[in-house]
Amino acid sequence: MLCEEKWWSNPCDNKNDGRYNDDISPDISNLNPILFKAHGLWKGSYEVYDENFNPAEPSPAIIGLYPVGPTPYAPIGEVFFNITIAGTRWEQHDIYVLGPAPQSFCDANPNIPGRPFSNVGDDGVCGENGSAVVADAFKTSTHEKNDILIGVSGTGRYLVDPSADPNFAWTMIPSGAEQLVEALSINNSRAVYAYTFSPSFNQLTLDFTRYVIEPEKSPEMRNRLVLKLERVEDESAWLESIEDSMIKHKVTANTMATYGTVPTTGQCAKNDVGCPTLEMWCDSGDASPLCGPTPYIEETTVNAGVVAGITVAVAAVVIAAVAYFMQALH
């Protein structure tokens, strides 16, 4: 049990430490009001920039790696977020609808049998069809009960496998009343995300910048992704917007059937090594009861002076009782 101060106990060492207080919940909504503001459905547009802040040029996809890595589509498109924050868990399922690449890119990058590159990412035609990719991101609060969320894993376009780097680190923290800042470090790659809300919390700008760090060199920015989103209250309208966007960008029927829906809580839009197991959640410090009890438990202990006092008092009573009994025998 948690330590309680009684007349017979020692003082609690951690009575002012919220981690030991059962009345303080580790749920995300309880830690900092802004952490819960991202909850809900969002839609908007995005643009990708290169290291010089120019619109990024399409690049042939690497077969077997895509959608991670180079993208053979236009650097602008539309995006749809479904962020569910429940208890200690942040589950994010995103759909990116990509515009077709310019014909000049297709002409310069024909598909050649035997080469590990492709000028499309699905069964579409370069220059004619757009495409869609999905991504999931998972974060959790911990028994520290602070307002720092810990990244668990990512899938698809956000593929993150924590086991790939023993020094893996991924955190999200509030920065003021209207911004969240997220930092990820894996291998030699560093990424910074800034979520900036409007005062009404109905608009969201997400600025993502990726750096590469080489030994004895300064960090080099590799790309930047800027998203401008607005909140959508109606799920049916949100799903209809996804379908309309895919039709507008001439996404193929196969891709629409695969990525045109949104997963529910506990599922992944992309089932790959980043789709978290219970073990992955728990290893990240998830404070959910599914991962066991809090490690912050202080037992109530009996004060030695009280024990001594009670012992003396009992002894006195026993002696008095024996004396009375002996006197009664005479």
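The values are calculated or read from the model by the stated rules, or taken from the named source; none is laboratory data. Being a predicted model, the structure only gives us computed values, none of them experimental. Cβ placement follows ideal geometry from the backbone for every residue including glycine, while neighbour counts extend to all protein chains displayed. Please note that ligands, DNA and RNA were not included when accessible areas were found on the heavy atoms of the full protein model with its side chains. Shrake-Rupley method; radii C 1.70, N 1.55, O 1.52, S 1.80 Å.
Below, the figures for the structure above:
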| quantity | calculated |
| --- | --- |
| Single condition A101 does not satisfy, out of (1) open to solvent by 30 Å² or more (accessible area, probe 1.4 Å); (2) out of contact with any strand residue (DSSP E or B) (no Cβ under 9 Å at 6 or more places or on another chain) | (1) |
| Any chance E279 is modelled with pLDDT of 90 or more and either at negative phi or of a type in the set (S, T, N, Q) (or both) | yes |
| Test: I34 is open to solvent by less than 50 Å² (accessible area, probe 1.4 Å) and touching a helix residue (DSSP H, G or I) at 6+ places or on another chain (Cβ under 7 Å) | no |
| Count - residues of the range 220-243 that are loosely packed, with under 13 Cβ neighbours inside 10 Å and of a type outside the set (D, E) | 2 |
| The range 143-175, residues that are among the small types (G, A, S), under 26 Å from Y20 (Cα atoms) and in contact (Cβ under 8 Å) with a residue 40 or more places away in the chain | G151 |
| Complete set of residues in the range 248-286 that are more than 14 Å from the chain's Cα centre (by Cα) and among the hydrophobic types (A, V, I, L, M, F, W, C) | V251, A253, M256, A257, V262, A269, V273, L278 |
| Qualifying residue in the range 113-131 (condition: open to solvent by less than 10 Å² (accessible area, probe 1.4 Å), part of a strand (DSSP E or B) and either in contact with a Pro (Cβ under 9 Å, 6 or more places away or on another chain) or not polar (S, T, N, Q) (or both)) | yes |
| Matching entry among T196, T205 (being β-branched (V, I, T) and without any contact (Cβ under 8 Å) to a residue 24 or more places away in the chain) | T196 |
| Members of the range 159-214 that are exposed (fewer than 15 other Cβ atoms within 10 Å of the Cβ), more than 19 Å from the chain's Cα centre (by Cα) and at pLDDT 95 or above | S198, P199, S200 |
| Residue identified as touching a Lys or Arg at 6+ places or on another chain (Cβ under 6 Å) and either under 25 Å from P55 (Cα atoms) or assigned to a loop (DSSP other than H, G, I, E, B) (or both) among R222, R190 | R222 |
| Residue among T265, T261 that alone is touching a helix residue (DSSP H, G or I) at 6+ places or on another chain (Cβ under 8 Å), of a type in the set (S, T, Y) and modelled with pLDDT under 90 | T261 |
| From the options Y20, Y96, Y66, residue that is modelled with pLDDT of 95 or more, more than 25 Å from S175 (Cα to Cα) and of a type in the set (F, W, Y) | Y96 |
